[in-house]
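Right, one structure below, let's go through it.
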Amino acid sequence: MDKAGLNITFAGYPNNEPLVLLHGFLGDHHDWQTVITALSSRFFCIIPDLPGHGDSAHINISNPGFSDCCQLIDSALSALNIEHYHLLGYSLGGRLALHMAQRVPAKLLSLTLESCHPGLTSVDEQQQRWQNDSVWADRLALLPIRQFLDLWYQQGVFAGLSAQQRQQLIDKRAHNNPLSLANCYQATSLAKQQNLWTIPQQLNCECHYILGENDKKFSQLAQTWQQTGAPLKLHHIANAGHNVHLAQPQAFSQVVLAL
């Protein structure tokens, strides 16, 4: 692992309770702009760019890379003397948040997951996912970034995006370095992730799951997860798909502020 520190952006007053926000794949700290004004009125927001993304694009991680990512995040927070914090993660950021909860459970004041997967439970699922992710990694390496992004946002999980929203995301992501993204993408593949379904039961803080009502896949996943006995509080946001904080920033902010 390249041990250079993560780029960190801040918003809000340092005397407020810390809230660490972890973006999803292809994102960076700018992804939280639609909600940061509201959230920073209540929290001291700490927003890292994950390895391979934004101003942390120079950081490569091992494969699997969950331990590397958690070490980088934990080191950054320790350097800031942040001992306890609320943790919020979207998609890939949510999966990393689960790994952080496993690694440093006593540091969490709350855990909030947005559209995130707790892990595949069978070898067949993991193998199939790895094959699929390998195809996407090859596309990252071979295709122009805009062509890759156009294909990426045609996936079913993004079906709720309008043509305008899809194009805006392509324009927003086109500056990324494809090889840096490919390193992070393969290293944090869902196929390489641990089974983290029981993490909420192991925590002494509240666990929340925010999902868009139009995201049928993750709505079903969240309900199944809750039915296994996980103490998750589900928050359904109307007129939103996979990326709730982008589609409905006001409703999303209200949920987080009410924690």
Original post:
Among 12-21, 48-57, what's the highest-first ranking by average C-beta atoms within 10 angstrom per residue?
Top reply: 48-57, 12-21
Original post:
Taking one equal scatterer on every alpha-carbon of the stretch 163-204, how large is log10 of I(q)/I(0) by Debye at q = 0.24 1/Å?
Top reply: -0.83
Subject >> Calculated [θ] (222 nm, deg cm²/dmol) that DSSP helices of n ≥ 4 give over the chain, each run adding -39,500 (n - 2.57) >> reply: -12500 deg cm²/dmol
**OP:** Pull up the cross-link candidates among the lysines for Lys107, meaning alpha carbon to alpha carbon under 26 Å and not fewer than 8 places away within one chain.
**Re:** Lys3, Lys192, Lys233
Original post:
Listing Asp28, Asp133 from the residue with the fewest other Cβ atoms within 10 Å to the one with the most, what is the order?
Top reply: Asp133, Asp28
Original post:
What is the Cα centroid distance between the stretch 1-65 and the stretch 201-259, reported in whole angstrom?
Top reply: 20
Original post:
Gain in length, Phe10 to Arg146, computed as 0.36 nm per residue apart minus the alpha-carbon separation, to one decimal in nm?
Top reply: 46.0 nm
**OP:** Just the number, please: percent antiparallel of the DSSP beta bridges in the chain, rounded to the nearest 5.
**Re:** 15
**OP:** With no solvent and one equal point scatterer placed on each C-alpha of the stretch 190-234, evaluate the Debye formula and give log10 I(q)/I(0) for q = 0.28 Å⁻¹, two decimals.
**Re:** -1.09
Subject >> Order of Ile170, Ile47, Ile36 - criterion: other Cβ atoms within 10 Å of each residue's Cβ, fewest first >> reply: Ile170, Ile36, Ile47
**OP:** Arrange Leu26, Leu190 by Cβ neighbour counts within 10 Å, fewest through most, would you?
**Re:** Leu190, Leu26
**OP:** Quantify how much of the Cα-Cα distance distribution of the stretch 93-220 extends past 18 Å, in percent.
**Re:** 63
Original post:
To the nearest 0.05, what FRET efficiency results for Ala38 and Ser67 with a Förster distance of 22 Å applied to their C-beta separation?
Top reply: 0.10
Subject >> Potential lengthening between Glu17 and Gln220 on full extension [0.36 nm per residue; Cα-Cα distance subtracted] >> reply: 69.9 nm
Original post:
Relative to the present Cα-Cα distance, how much length would full extension add between Gln227 and Gln250 at 0.36 nm per residue of separation?
Top reply: 5.4 nm
**OP:** Among Ser134, Ser62, Ser162, determine the one that fluctuates most according to a GNM of the chain built with springs between C-alpha atoms less than 10 Å apart.
**Re:** Ser162
Original post:
For the modelled label position 7 Å from the Cα of Val157 along Cα-to-Cβ, which residues of the stretch 220-242 have backbone nitrogen atoms closer than 11 Å?
Top reply: 242
**OP:** Just need the relative contact order of the chain here, percent rounded to a whole number, with Cα pairs under 8 Å and 6+ apart.
**Re:** 22
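Bear in mind these aren't lab numbers, they're just calculated from the coordinates by the rules spelled out. What you see is a predicted model, and the numbers here were worked out from it, not measured in a lab. Neighbour counts run over all protein chains shown; Cβ positions are idealised from the backbone, glycine included.
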